[in-house]
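Have a look at the structure below, then the notes.
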Amino acid sequence: MTPRSGPMVRLEQVIVRLGGKAVLDGTSLSISPGSLTMLVGASGCGKTTLLRLIADLIGCQAGRVERHFERAGMVFQEHRLLPWRTARENVAVGALQSVPSTTARRALSEELLAACGLVAEDFAKYPQQLSGGMRARVAIARALAAEPTLLLLDEPFNGLDVARRLAMQSLIRSLVDDRGITAVFVTHDLAEAARIADTVLVMAPRGGRIVHRTDLAISVEERDPGFVQAEIARLQAHPAISAALENIGLPF
Amino acid sequence: MRKDIARHHAEVLPAPRLFWACIGFGVFGLLWAWGSTQLGPIALPSPLETAEALVALIADGRAIAALGDTGGRVLAAFTIAMTLGGGLGLAAGLVPPLRHAVGPLVTTLLAVPPIAWIVLALLWFGTGGVAVVFTVLVALLPIPFVAAVQGVLTVDPNLLEMGRAYRLSLRQRLREIILPHVLSCLLPAAVTAFGIAWKVTVMAELLGARDGIGSGLADARANLDTAESFAWIILVVGAFLPIEAAIIRPFYRRLEAWRRTDESSDQRAEL
């Protein structure tokens, strides 16, 4: 797929009110095609709302939203797998719109589950029988089954141990690099951002505005632990982030 | 850990639960036998006289015929009620104006005792199977209706949003998200409805049919044959349990296979 030249998503002075409260109050951002953008910010700062707005699950009361993507695949924080469907069937749900044939959907689901690191014996298991990491992989496979040009991930690795988290980060990075997918990834973890992001956007603790943007020019392969630590320190030293850290106590 | 606890319980209890159940029934049988010696066979026939009456009912073919009649009516009314009530409940759950229009009506119907319905059914349809099936059907309808409405209203909104995120059509959302959840609410209602269907059918037959177990009970009462009345009652209870175990429970287990995986996930969490 040929990446488009302009931004894939552009928000200008967007206001979203939920329950009478302005969760997003004048938020602006743009997402470049083929990039991995990490959104960091305090709990309740509007990260999930921003993702839902980009996915067109909610509307805005003011401002301008431009969406230049064909299909979005969303990985929710709580994964939102159907408990009455097996891993394979859950992934197939993502392909219901793009792949009409049941047989083709099944084959695609198995291919994606394998690509996300599940073994064949897990394909027929229900979500309740899978570990948290496996459920996250199924949710990612489901998002990929939608053949998305934009992948939206809302803290999908919460609760995973360090080793699983690192493996999943590599998986997401390889999806962006190998499949040319654009990804917007919400996280609390600055290290996660420093390891795999092309762009890090920091949101204000309230009102959902982007208060800082860092473009990490160095390639992911060249980012050794020293670079990651230095980048975290650099991010933390920025006034906008240190203020956010004081308010929210990010885990560093 | 769980196995250790189970083993510990097995060591503490001198015998399985079945043993205690047999003890309970044995004591009940002894009290029954003693009561019949005190009250006489017209008021309370002995267990032996009841068993003889039951054997006679089976031997002359009346039991089998009555079971066929009653069972057919139960299944007919149950199937129609689950389909109609479940379907209407699903529609009412999805369409708020329909829910607000039909909901109070169903609540009102719930308050009408089945005995009132049998009187109306006899007036409308005369004595026979149709009156019985109608009575049972009307008595059962609110059960799946309410369960289906509740099912639709309690679907996880997060799953519905997931459906919207993946641009699922209404039909796809129904099949993948709404119906499986509604079904999980309908199945316990089906078990309840089946038990009620069995009891109301026998009652309706007693008043409004010339065949079936209820009619057999009515004949036994008219002949003051208490032993045969007892035999019919044993037949009702004895038939219900195997039918429930052979049809309803396996159906339930098959449709809810995913629920049985919860235990294995607990074990995984422990690991």
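Scanning region B:71-88 for residues that are farther than 19 Å from B:Ile248 by Cβ and crowded, with 17+ Cβ neighbours inside 10 Å yields a single hit, B:Leu88.
Just to verify a result, which residue in region A:52-74, among those that are hydrophobic (A, V, I, L, M, F, W, C) and more than 10 Å from chain B (Cβ to nearest Cβ), is surrounded by the fewest Cβ atoms within 10 Å (Cβ to Cβ)? Even if it seems obvious, please write down each step before you answer.
Narrowing region A:52-74 to residues hydrophobic (A, V, I, L, M, F, W, C): A:53-55, A:57-58, A:60, A:62, A:65, A:69, A:72, A:74.
This time we only want the ones that are more than 10 Å from chain B (Cβ to nearest Cβ), so: A:53-54, A:60, A:62, A:65, A:69.
Numbers: A:Leu53: 24, A:Ile54: 22, A:Cys60: 17, A:Ala62: 13, A:Val65: 15, A:Phe69: 18.
Top of the filtered list is A:Ala62.
If you go through region B:160-178 and keep only what is over 30 Å from the mean Cα position of the chain (by Cα), at the interface with chain A (Cβ under 9 Å from one of its Cβ atoms) and of a type in the set (A, V, I, L, M, F, W, C), you end up with B:Met162, B:Ala165, B:Leu168.
In region B:131-151, the condition of being within 23 Å of B:Pro97 (Cα to Cα), among the aliphatic types (A, V, I, L, M) and within 14 Å of chain A (Cβ to nearest Cβ) is met by no residue. Close contacts from region A:108-122, counting a first residue that is over 14 Å from A:Ala136 (Cβ atoms) and a second that is surrounded by fewer than 22 Cβ atoms within 10 Å (Cβ to Cβ) and not basic (Lys, Arg), with Cβ to Cβ under 7 Å and a gap of 6+ residues or different chains, come to A:Leu108/A:Val99; A:Glu110/A:Phe123.
Listed by position, the helices (runs of 4 or more DSSP H) contained in region B:146-209 that have at least 3 residues being out of contact with any Cys (no Cβ under 9 Å at 6 or more places or on another chain) and either outside the structural domain of B:Val74 (by TED's automatic domain parsing) or under 22 Å from B:Pro113 (Cα atoms) (or both) are B:179-208. Return yes when B:Ala193 is surrounded by 16 or more Cβ atoms within 10 Å (Cβ to Cβ), modelled with pLDDT of 90 or more and away from chain A (no Cβ under 14 Å) and no when it is not. So B:Ala193 fits the description; yes. If you go through region A:108-142, how many residues are away from chain B (no Cβ under 14 Å), part of a helix (DSSP H, G or I) and surrounded by fewer than 18 Cβ atoms within 10 Å (Cβ to Cβ)? So the count comes out to 4.
The values are calculated or read from the model by the stated rules, or taken from the named source; none is laboratory data. Since we're looking at a predicted model, the values are computed, not measured. No Cβ is skipped: glycine too gets one built from the backbone with ideal geometry, and neighbour counts run over all protein chains shown.
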